[in-house]
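Here is the structure we will look at, set down as structure tokens.
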Amino acid sequence: MRIKTAMIVVVWLAAIIFSSSMLITKPVRAQGTTLWINPPSIIDPSKDICTTFIVNATVSDVVSLWNWQVRVIFNPSVLECTRVFVPPGSPFDFPVKPAPIIDNATGYAQLGASKIEAIGVSGSGVLACIEFHVKGRGVSYLNYSRPYGEDTFLNDPDMVLIPANLEDGYFSNWVAAPPAKLYVNPPRVVDPTLTPCHEFNVNISIINATDLYAWQLSIWFPIDLLNVTNVAEGPFLQSGGATHFEYSILYTINGTHGGVVMSCEITSGVGVSGNGDLATITFHVENLGESAIPIFDDVLQDSMAHTLPHNTFNGYFSNVLLAKLSVVPPEIIDPTLVPCTQFDINITLDDVENMKSCQFNLTYNTAPLGFVGITLFKALNQTPSTSIIQDEDAGFIWIKLTYPNPITTYESIPLVRITFHVDTYGVSPLNLTDTILKDSLGQPIVHEVQHGFFASVIRNVAVLNIEVPYDWVYQGWLVDINVTVKNKGDLPETFDVKAFYDTTLVGTITVENLLPNDTTTITFVWNTKTVPTCHNYTISAEAAPVPYETDLSDNTLPDGTIKVRLMGDVNGDGKVDMVDIGLICLAFGSGTMHPRWNPDADLNQDNRIDMKDIGYSALNYGKSCT
């Protein structure tokens, strides 16, 4: 328990020492009194509707409590209060107790009690037990009312407000929905008959929606190629009840693009789950060309206004045929592809008419990659005749495919699969060169290529440094432990960092989204109040390994020792005696800039030496490490 803000002492130092029992039994106020919710957080998806639980309005380190009242506020759409009571055996179960107040419409519960005799109660314990019934899924604050002193207060026998720190609680039984798929449907509109002045429709569709109650999104389109003539609400949300749908068309974004902003929400009813169409967009073709139709600023919400996770997939439009030969996937950056693993790429063909033969040369970096093999696909049920040249030293694979009948496709089809072995960490372009497409008359077909890229990703986090401000501390001090960590890998990382004294955990802090090669310093606060004295403790930190991290040698770091002294052992000899109290007296009345200032005598770290410091030392007078 922390030392009190003021205490009555006699002038002579000896009297201070021999009246130390008075200092313990008759404090007038405790600094650091805390009024908190216990447990401070309940995050439990298993707490379904109709289950109950209890939280405690708890006070710690209070002195001379005589009269109290607490009001706890909660979310009435998620919880309802069923009981408020003082638990049997509570030291604060005072005789005067008005009936509790429970307001489940506004969302609060209130209870108080008062003594009659003018002697307060000191200590820690439960003031009130508050029982809740779960009404629905969601989150609810469990907050003490503010301002402190109005509906929530602690008073002493003189009805003076006892200063207190308020620490609120939190409840959640919300279950995150699995990610939905939000996409332009059909995802690709490739049709050379959609010449200028024609129209076509696309839908904004969703798959695997969970309790969808409201959505909003925007799309872009190039105004020299397309124009939007109409936007209509889809039937999906309407199945949940009445809806409100809005849209607006905004033209000339950056002078080149138009945009459609749309939103819809259910005005009465329940959220909708499943698959369906959110909106239908009618495009008017203005010119020949191609363009992505991207979705952006997209937000999905459930009936409790939670943001729903989802993945977004853009659309594509083309009314011109330009054959494409592509490496798929175009980018392979996968931390699981460590040395001695394998991966595949496909060479695909898209948007081609009357193609008889295809020829390409795939080049790669032989340092990280080794060639394993080739698998041929049937293209539109045709097996090609093949010519293949592979040079492992030069790093290329040359392939020519000739089909019995010409091929026409407006969808992407695979031609060959190539398997590589990862020999070591590194990067490699996967480039298509010397590409030739020919039609049935042997004429070249104009086309474009899409290259590939491979990188074997390193994931590695490390503890670089630990800094503490002291070589020793008094028991009860708060010690800042500054830990610097670095992301030595190639991907942004989120990971836990733990600090220890010896093998005892000080705390855990999550570092979020630390970018490659970046460092950050986090601060742990070590409360030495209950740490045994007269020992040297080794301070260390540990960064939890991230997935696929192989080098763990730098994940932990010890950094020196801190000794925890008896409070008041100013000279550090392992005992509190008149020498220590004399040292405090020598510095009595001084501050940080005073010539008599002694930082070791500032026991409560308030940058001045006064009776509180003497009182701290007097409380431990006669104690020693032996």
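Odds and ends about this structure:
- Matching option when the condition is modelled with pLDDT of 90 or more, within 26 Å of the chain's Cα centre (by Cα) and not assigned by TED's automatic domain parsing to the domain that holds N361, among H284, H310: H310
- Of all the criteria given as (1) under 30 Å from S46 (Cα atoms); (2) surrounded by fewer than 19 Cβ atoms within 10 Å (Cβ to Cβ), the one not satisfied by C81 is (2).
- Check on L322, surrounded by fewer than 16 Cβ atoms within 10 Å (Cβ to Cβ) and either assigned by TED's automatic domain parsing to the domain that holds P192 or hydrophobic (A, V, I, L, M, F, W, C) (or both): yes
- Residue count, the stretch 329-347 (criterion: surrounded by 14 or more Cβ atoms within 10 Å (Cβ to Cβ) and over 18 Å from T402 (Cβ atoms)): 11
- Out of Y183, Y141, Y170, sole residue that is within 20 Å of S60 (Cβ to Cβ) and within 34 Å of the chain's Cα centre (by Cα): Y170
- Under the condition of being over 19 Å from F245 (Cα atoms) and charged (D, E, K, R), the residues counted in the stretch 264-309 number 2.
- Residues located in the stretch 157-173, provided they are surrounded by 19 or more Cβ atoms within 10 Å (Cβ to Cβ) and in contact with a strand residue (DSSP E or B) (Cβ under 6 Å, 6 or more places away or on another chain): I162, A164, G169, F171
- Which listed residue, of A15, A30, is modelled with pLDDT under 50 and loosely packed, with under 13 Cβ neighbours inside 10 Å: A15
- Residue match in the stretch 359-367 (condition: among the aliphatic types (A, V, I, L, M), surrounded by fewer than 15 Cβ atoms within 10 Å (Cβ to Cβ), not assigned by TED's automatic domain parsing to the domain that holds D211 and not in a strand (DSSP E or B)): yes
- P88 modelled with pLDDT of 90 or more, more than 18 Å from Y170 (Cα to Cα) and out of contact with any strand residue (DSSP E or B) (no Cβ under 6 Å at 6 or more places or on another chain): yes
- When residues in the stretch 110-150 are screened for being within 19 Å of P88 (Cβ to Cβ) and not polar (S, T, N, Q), 13 of them pass.
- Checking each residue in the stretch 233-261 for being part of a loop (DSSP other than H, G, I, E, B) and touching a Pro at 6+ places or on another chain (Cβ under 7 Å) picks out only T256.
- A search for C-beta distances below 6 Å between a residue of the stretch 91-109 that is within 25 Å of V63 (Cα to Cα) and any residue that is surrounded by fewer than 15 Cβ atoms within 10 Å (Cβ to Cβ) and among the acidic types (D, E), counting only pairs 6+ apart in sequence or on different chains, returns nothing.
- None of Y403, Y425 is hydroxyl-bearing (S, T, Y) and not in a strand (DSSP E or B) except Y425.
- Test result for K612, in contact with a Phe, Trp or Tyr (Cβ under 9 Å, 6 or more places away or on another chain) and of a type outside the set (F, W, Y): no
Every residue, every condition in (1) over 24 Å from V175 (Cα atoms); (2) assigned to a strand (DSSP E or B), yes or no:
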{"position": "F53", "(1), (2)": "no, yes"}
{"position": "P76", "(1), (2)": "no, no"}
{"position": "E80", "(1), (2)": "no, yes"}
{"position": "V84", "(1), (2)": "yes, yes"}
{"position": "T106", "(1), (2)": "yes, no"}
{"position": "Q110", "(1), (2)": "yes, yes"}
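- Taken together, the residues in the stretch 112-135 that are over 21 Å from D168 (Cβ atoms) and either in contact (Cβ under 8 Å) with a residue 60 or more places away in the chain or part of a loop (DSSP other than H, G, I, E, B) (or both) amount to 8.
- In the stretch 169-180 there is at least one residue matching the filter, namely being touching a residue at least 24 places away in the same chain (Cβ under 8 Å), over 30 Å from E80 (Cβ atoms) and part of a loop (DSSP other than H, G, I, E, B).
- Residue selected from the stretch 525-548 under the condition more than 24 Å from the chain's Cα centre (by Cα) and among the β-branched types (V, I, T), by the criterion surrounded by the most Cβ atoms within 10 Å (Cβ to Cβ): I539
- When residues of the stretch 32-51 are limited to those that are over 17 Å from W174 (Cβ atoms) and not in a strand (DSSP E or B), the one nearest to the chain's Cα centre (by Cα): P40
Here's the yes/no breakdown for (1) closer than 30 Å to K498 by Cα; (2) not in a strand (DSSP E or B):
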site	(1), (2)
I436	no, no
G442	no, yes
F454	no, no
I458	yes, yes
G476	yes, yes
I481	yes, no
T484	yes, no
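- Odd one out for D490 among (1) surrounded by 15 or more Cβ atoms within 10 Å (Cβ to Cβ); (2) within 28 Å of Y425 (Cα to Cα); (3) among the charged types (D, E, K, R); (4) at pLDDT 95 or above: (4)
- Among the residues of the stretch 91-104, the ones that are closer than 30 Å to V175 by Cβ and part of a loop (DSSP other than H, G, I, E, B) come to 1 in all.
- N143 at pLDDT below 90 and either of a type in the set (A, V, I, L, M) or surrounded by 15 or more Cβ atoms within 10 Å (Cβ to Cβ) (or both): no
- Qualifying residue in the stretch 376-399 (condition: within 39 Å of the chain's Cα centre (by Cα), in a loop (DSSP other than H, G, I, E, B) and within 14 Å of G452 (Cβ to Cβ)): no
- Screening L166, L194 for residues that are in the same structural domain as H133 (by TED's automatic domain parsing), touching a residue at least 60 places away in the same chain (Cβ under 8 Å) and either assigned to a loop (DSSP other than H, G, I, E, B) or out of contact with any Gly (no Cβ under 9 Å at 6 or more places or on another chain) (or both) leaves exactly one candidate, L166.
- Qualifying residue in the stretch 138-147 (condition: closer than 30 Å to P309 by Cβ, outside the structural domain of V96 (by TED's automatic domain parsing) and in a loop (DSSP other than H, G, I, E, B)): no
A quick yes/no check of all residues on (1) touching a His at 6+ places or on another chain (Cβ under 8 Å); (2) crowded, with 17+ Cβ neighbours inside 10 Å; (3) free of Cβ contacts under 8 Å to residues at least 40 places away in the same chain; (4) not polar (S, T, N, Q):
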position	(1), (2), (3), (4)
P404	no, no, yes, yes
T408	no, no, no, no
V416	no, yes, no, yes
T424	no, no, no, no
D434	no, no, no, yes
Q443	no, no, yes, no
H447	no, yes, no, yes
G452	no, yes, no, yes
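The values are calculated or read from the model by the stated rules, or taken from the named source; none is laboratory data. Keep in mind the model is a prediction, meaning the values are calculated, not measured. With ideal geometry, Cβ positions are generated from the backbone for all residues, glycine too; neighbour counts draw on all protein chains shown.
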